[in-house]
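Read through the structure below, which is laid out as structure tokens, and then see the notes.
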Amino acid sequence: MSRIAFAAVCTALLLAACGSDNSRDGQTAGSANQTSEQPADTQPRKAIVFFGNSLTAAYQLSKEEGFPALIQQKIDSMGLPYSCVNAGLSGETTADGVNRIEWVLQQPMDIFVLELGANDALRGLPVKETAKNLQLIIDKVRAARADCKIVIAGMQAPPNLGATYTREFRDVYPALASANKAALIPFLLEGVAADPKLNLEDGIHPNVEGQKIVAETVWRTLKDVLSR
């Protein structure tokens, strides 16, 4: 992807993501949708909570088409005792996440997948504030659920914000993963970003096929966490 194309894509994302269009993802502030029900005749399931923005919420798609639901299908096919909970909310920044996380923590969770930061970058918010907010969310999860395993989904900033900003923003995620002994998904949209065949008409939110690739990207990291 060229720098010009990536910048154009991210500019469009700012307009779409900030609009918080929840017409099809069905999310409201603080909501968390479980993607499957626990069968009565099986062992108790552990909860995997996907906490993020429109990328997690499956913007303009049904929740069954989003990557958390696709991962649930994979888990079910393998007979693993886990239930995926989609706690994505379109338009959310890391600061919004700090305010919402305590509500989400009212439900059980054994694995917490943190996917936030893209909207911070699109607004050009200070990288230090993004890092601080993400750490606050992790701290709140650890305080409430000491045994919860953390997975951090990496994101990248548009190049038009300058080389220093994009580098510092990109480096936030591996630094947080290392400091918190969390698993890292290097870049959530690897192989999907800026590809018109894999995104909606807005050019920036994954379509059905794009969500399938995102699910595989997440699964590469998540499967190792499940096996620990």
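Residues of the range 43-75 being part of a loop (DSSP other than H, G, I, E, B) and either free of Cβ contacts under 8 Å to residues at least 24 places away in the same chain or surrounded by fewer than 23 Cβ atoms within 10 Å (Cβ to Cβ) (or both), which ones?
Answer for the range 43-75, where residues must be part of a loop (DSSP other than H, G, I, E, B) and either free of Cβ contacts under 8 Å to residues at least 24 places away in the same chain or surrounded by fewer than 23 Cβ atoms within 10 Å (Cβ to Cβ) (or both): Gln43, Pro44, Arg45, Gln60, Leu61, Ser62.
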- Message: It is to be established whether one or more residues within the range 178-188 are more than 27 Å from Met78 (Cβ to Cβ), in contact with a Leu (Cβ under 9 Å, 6 or more places away or on another chain) and not in a loop (DSSP other than H, G, I, E, B).
- Response: yes
- Query: Could you say whether any residue in the range 134-142 is in contact with a Cys (Cβ under 8 Å, 6 or more places away or on another chain) and at pLDDT below 95?
  - Reply: no
- Message: Condition first: surrounded by fewer than 23 Cβ atoms within 10 Å (Cβ to Cβ) and among the polar types (S, T, N, Q). Now tell me which residues in the range 76-92 satisfy that.
- Response: Ser77, Ser83
- Item | Among (1) within 24 Å of Leu136 (Cβ to Cβ); (2) assigned to a helix (DSSP H, G or I); (3) at pLDDT below 85 - the single one Ile101 does not satisfy | (3)
- Check on Ala95, surrounded by fewer than 21 Cβ atoms within 10 Å (Cβ to Cβ) and either of a type in the set (Gly, Ala, Ser) or within 18 Å of the chain's Cα centre (by Cα) (or both): yes
- Message: Pull out all pairs, ordered by first then second residue, where Cβ-Cβ is under 7 Å, the residues are six or more apart or on different chains, the first lies in the range 206-228 and is under 22 Å from Lys181 (Cα atoms) and in a helix (DSSP H, G or I), and the second is of a type in the set (Lys, Arg) and modelled with pLDDT of 95 or more.
- Response: Trp219/Lys74; Val225/Lys149
- Note on the structure: Of the residues in the range 176-228 that are among the aliphatic types (A, V, I, L, M) and over 17 Å from the mean Cα position of the chain (by Cα), the one that is surrounded by the fewest Cβ atoms within 10 Å (Cβ to Cβ) is Ala179
- Message: If a residue must be modelled with pLDDT under 95 and not in a helix (DSSP H, G or I), how many such residues does the range 157-168 contain?
- Response: 2
- Message: Take Asp171 and tell me if it is of a type outside the set (A, V, I, L, M, F, W, C) and not in a helix (DSSP H, G or I).
- Response: no
- Considering only residues that are among the small types (Gly, Ala, Ser) and surrounded by 15 or more Cβ atoms within 10 Å (Cβ to Cβ), look in the range 145-174 and name the one that is farthest from Thr217 (Cα to Cα). Ala157
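The values are calculated or read from the model by the stated rules, or taken from the named source; none is laboratory data. If you're wondering where the values come from, they're calculated on a predicted model, not measured in any experiment. No Cβ is skipped: glycine too gets one built from the backbone with ideal geometry, and neighbour counts run over all protein chains shown.
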